[in-house]
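Every number here is computed from the coordinates shown, using simple stated rules; none is lab data. Please read all numbers here as calculations on a predicted model, not as lab measurements. Note that each Cβ is placed from the backbone with ideal geometry, even for glycine, and that neighbours are counted across all protein chains shown.
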Amino acid sequence: MLDDWDDDTDYHRAVGCTWLMIAVAVICSLAVVGLGVVAVFGTDFFLDMTEALGQ
């Protein structure tokens, strides 16, 4: 089956879907990194509080 490359509709749709998937991937990656940072600082804060209250 030959594609009709004169019609750019499918091409523009594919490019739009690609950019959408890139945006979703970037947002998910930033969310994972953000959760990691929150987890590290949250654990550090919790350990500091337990150490301060234990004395």
Only Lys, Arg, Asp and Glu count, each charged at its Cβ (+1, +1, -1, -1), so figure out the dipole size of the chain about its Cα centre, rounded to 20 debye. 420
Sum -39500 (n - 2.57) across every DSSP H segment of at least 4 residues in the chain, then divide by the residue count to get the 222 nm mean residue ellipticity, nearest 500. -31000 deg cm²/dmol
Using Cα extents along the principal axes in Å as the read-out, say which of (1) 39, 16, 7; (2) 66, 13, 12; (3) 76, 16, 6 was calculated from these coordinates. (3)
In whole Hz, the Karplus estimates of ³J(HN,Hα) for the range 38-55 (6.51, -1.76, 1.60; θ = phi - 60°; x where Gly or Pro) are 4, 5, 5, 5, x, 5, 4, 5, 4, 5, 5, 5, 5, 5, 5, 6, x, 8
